[in-house]
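Chemist: Before I ask anything, here is the structure I am working with.
The values are calculated or read from the model by the stated rules, or taken from the named source; none is laboratory data. Quantities reported herein were computed from a predicted structural model and do not represent experimental measurements. So basically every Cβ, Gly included, is an ideal-geometry build from the backbone, and we count neighbours across all protein chains shown.
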Amino acid sequence: MPAPYEKTVQVSAESGQSNHFPIPFIYRGQLKRILVKQLDGVLAGYVFDIFNSKQPMQDFSLSSMSGADAEQPPDNEAFKVLPTQAVASGHATYENFTETGDGYDFKNVDSTTANPARFLYLHLNPAGTGTKNFQVTLVGKPPL
């Protein structure tokens with residue numbers, strides 16, 4: 001059985017904005033543990049998503065598009081690894097740990113067989129004001 005893969009990163013996120021971070025990770029498997037911890041600032045809560053593609057991170061300007069050939073923005077729901085998670089005001093930490101059974105299956109859809117993209121993508125939206133620092137740990141189980 002392959003050993004679990006663990007990655008911990010620290011990110012700085014501006015409150016009141018959607019902040020996007022690529023996290024180096026295995027390109028497919030099961031996400032078994034997710035830990036997001038606010039390290040400083042007022043605990044005003046936050047919302048986050050984890051995606052299996054960089055497409056939701058791209059800037060699509062609908063006002064500049066016209067005609068049938070205009071590129072349409074992606075349906076972000078299709079790229080979510082797990083449902084949107086919210087941490088209430090007054091709390092610093094979100095943790096989801098699957099010790100037994102299945103975690104959240106994922107495969108980076110930006111990958112090809114010859115060139116696998118080894119990232120998951122975090123979208124983090126802190127409430128309140130100012131810049132806040134977070135520690136994010138992801139643990140995944142590669143496929144057999």
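Chemist: Filter the range 108-137 down to residues that are surrounded by fewer than 17 Cβ atoms within 10 Å (Cβ to Cβ) and of a type in the set (A, V, I, L, M), then give me how many there are.
Modeler: Final tally of qualifying residues: 2.
Chemist: Also: Tell me which residues, restricted to the range 1-17, are under 18 Å from residue 42 (Cα atoms) and hydroxyl-bearing (Ser, Thr, Tyr).
Modeler: Correct list: 12, 15.
Chemist: What number of residues within the range 15-29 satisfy the criterion of being in a loop (DSSP other than H, G, I, E, B) and either within 19 Å of residue 142 (Cβ to Cβ) or not small (Gly, Ala, Ser) (or both)?
Modeler: Of the residues in the range 15-29, 4 are in a loop (DSSP other than H, G, I, E, B) and either within 19 Å of residue 142 (Cβ to Cβ) or not small (Gly, Ala, Ser) (or both).
Chemist: Considering the range 55-87 alone, what residues qualify as being at pLDDT 90 or above, part of a loop (DSSP other than H, G, I, E, B) and not hydrophobic (A, V, I, L, M, F, W, C)?
Modeler: Residues satisfying the conditions are 83, 84.
Chemist: Restricting to the range 86-139, what's the tally of residues that are of a type in the set (A, V, I, L, M) and farther than 16 Å from residue 37 by Cβ?
Modeler: Initial filter on the range 86-139 (of a type in the set (A, V, I, L, M)): 86-88, 92, 109, 114, 117, 120, 122, 124, 127, 136, 138-139.
Next, only the ones that are farther than 16 Å from residue 37 by Cβ stay: 109, 114, 117, 120.
Qualifying residue count, the range 86-139: 4.
Chemist: What number of residues within the range 88-144 are under 18 Å from the mean Cα position of the chain (by Cα), of a type in the set (Asp, Glu) and in a loop (DSSP other than H, G, I, E, B)?
Modeler: Qualifying residue count, the range 88-144: 1.
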